[in-house]
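Undergrad: Could you have a look at this structure, given as structure tokens, before my questions?
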Amino acid sequence: MELGLPESWLRATPLFEAGAHLRLLDAVAARRAQETVYPAAERVFYALERTPFDKVRVVIVGQDPYHGPGQADGLAFSVPEGIAVPPSLRNIFQEVARDIYAGAAPHFSTDLTRWAEQGVLLLNAVLTVAAKKPGSHRRLEWETLTDGILAALSARREGLVFMLWGAYAQSKRGLIAESRHLILEAPHPSPLSAYRGFLGCGHFSRANAYLRARNEREIIW
């Protein structure tokens, strides 16, 4: 393993083999010398560490990490236990409760590592951000790497579920072979758009039904 990355990611993604991630980490390190950057250095590739390439079953695409203190933990939409629940994550839990638990859901931990370890890749398109400056690291070309991750998953795996919430995530649809995978689209779970179709989308049960039809384990959401 390199930088905590499973060998499966290093082998499967050409840009990792070419060392593109090392150049990006160098660029982020230079930013850290000038500004506060989230998540912590050891958490930048946490999503890949917790969900090896050959274990991915569901992909949820986020935009960039949370930019407030203590929020970003390296998984899209996730925050550490004890941190206030961000509005988008609250709406995600609301839909899981409605869709999977008939509204009577158990306590949900805000730390989504439990999903990652079941094969849910919680991938932000941009993996770092400056404090209080959303989108501030987009010019570092993280998307070249993360687009490569999505393309590698599409080409080298079969039968994955891709959840694309909001226009930004849906712009990645062209990287995914629809003939080989299930693509689920809905508005973003943020308060600005959740009531336009995210709440009620049924993505979590639909993902499980697809996995079940392929004789795979369901995700315990």
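The values are calculated or read from the model by the stated rules, or taken from the named source; none is laboratory data. Source: prediction; values computed, not measured. Please note: Cβ atoms are built from the backbone with ideal geometry, for glycine as well, and neighbour counts cover all protein chains shown. Only protein heavy atoms, including side chains, enter the accessible area calculation; ligands, DNA and RNA are left aside. Shrake-Rupley method; radii C 1.70, N 1.55, O 1.52, S 1.80 Å.
Undergrad: Please pick out the residue among 126, 96, 85 that is of a type outside the set (Gly, Ala, Ser), in contact (Cβ under 8 Å) with a residue 24 or more places away in the chain and surrounded by 21 or more Cβ atoms within 10 Å (Cβ to Cβ).
TA: Numbers: 96 fails: surrounded by 21 or more Cβ atoms within 10 Å (Cβ to Cβ); 85 fails: surrounded by 21 or more Cβ atoms within 10 Å (Cβ to Cβ).
Only one candidate qualifies: 126.
Undergrad: Restricting attention to the range 1-59, report how many residues are aliphatic (A, V, I, L, M), free of Cβ contacts under 8 Å to residues at least 40 places away in the same chain and not in a helix (DSSP H, G or I).
TA: Narrowing the range 1-59 to residues aliphatic (A, V, I, L, M): 1, 3, 5, 10, 12, 15, 18, 20, 22, 24-25, 27-30, 33, 37, 40-41, 44, 47-48, 56, 58-59.
Subsequent filtering for residues that are free of Cβ contacts under 8 Å to residues at least 40 places away in the same chain retains 1, 10, 18, 22, 25, 29-30, 33, 40-41.
After this cut, where a residue has to be not in a helix (DSSP H, G or I) as well, the list is 1, 18, 33, 40.
Residues meeting the conditions: 4.
Undergrad: Can I ask one more? Here is a check on your reading of the model: is residue 84 of a type in the set (A, V, I, L, M) and at pLDDT below 95?
TA: Values: of a type in the set (A, V, I, L, M): yes; at pLDDT below 95: no.
No; evaluated as a whole, the condition is false for this residue.
Undergrad: Kindly list the number of the only condition in (1) within 29 Å of residue 216 (Cβ to Cβ); (2) touching a residue at least 60 places away in the same chain (Cβ under 8 Å); (3) open to solvent by 30 Å² or more (accessible area, probe 1.4 Å) that fails for residue 69.
TA: (1)
Undergrad: State all residues of the range 99-123 that are surrounded by fewer than 19 Cβ atoms within 10 Å (Cβ to Cβ) and either in a loop (DSSP other than H, G, I, E, B) or at pLDDT below 95 (or both); if no residue qualifies, say none. Give the steps one after another, and end with the answer.
TA: The initial filter retains those residues of the range 99-123 that are surrounded by fewer than 19 Cβ atoms within 10 Å (Cβ to Cβ), namely 100-109, 111, 114, 117-118.
Listed by number, the residues that qualify are 101, 102, 103, 104, 105, 106, 107, 108, 109, 111, 117, 118.
Undergrad: So which residues in the range 1-60 are out of contact with any strand residue (DSSP E or B) (no Cβ under 8 Å at 6 or more places or on another chain), of a type in the set (Val, Ile, Thr) and within 20 Å of residue 115 (Cβ to Cβ)?
TA: 44
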